[in-house]
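See below for the structure under consideration.
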Amino acid sequence: MNERFKHHPPKSDATIDKHQAAREAANDLFDVIEAIATPSREKALAITKVEEAMFWLNADIARNQ
């Protein structure tokens, strides 16, 4: 099976901490967007891009631990 599609369970507490840091950073940016952006397509896209960034960062952490 291709490595991209395998489950990558955390191998250490350090890996779990990295995933948590990614979630916290994404949440912090989401809070900023919520505080300053008006309801708009641009705001929705900004939130989607934060979700995408968190997804790819978590994929990197999981695949390269």
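The residues of the stretch 1-14 that are in a helix (DSSP H, G or I) and either open to solvent by less than 100 Å² (accessible area, probe 1.4 Å) or at pLDDT 90 or above (or both), listed by number, are Glu3, Asp13, Ala14. Within the stretch 28-65, the set of residues being closer than 27 Å to Phe5 by Cβ and out of contact with any helix residue (DSSP H, G or I) (no Cβ under 8 Å at 6 or more places or on another chain) comprises Thr48, Lys49, Glu52, Phe55, Trp56, Ala59, Asp60, Asn64. If you check Ala62, Ala46, Ala53, Ala37 for being surrounded by 12 or more Cβ atoms within 10 Å (Cβ to Cβ) and free of Cβ contacts under 8 Å to residues at least 12 places away in the same chain, only one passes: Ala37. Out of Asp17, Asp31, one residue alone is among the acidic types (Asp, Glu), surrounded by 11 or more Cβ atoms within 10 Å (Cβ to Cβ) and part of a helix (DSSP H, G or I). It is Asp17.
The values are calculated or read from the model by the stated rules, or taken from the named source; none is laboratory data. Owing to the predicted nature of the structure, the values given are computational and were not obtained by experimental measurement. Using ideal geometry, Cβ is built from the backbone for each residue, glycine included, and neighbour counts are taken over all protein chains shown. Protein only, heavy atoms only, side chains kept; ligands, DNA and RNA dropped before computing areas. Shrake-Rupley method; radii C 1.70, N 1.55, O 1.52, S 1.80 Å.
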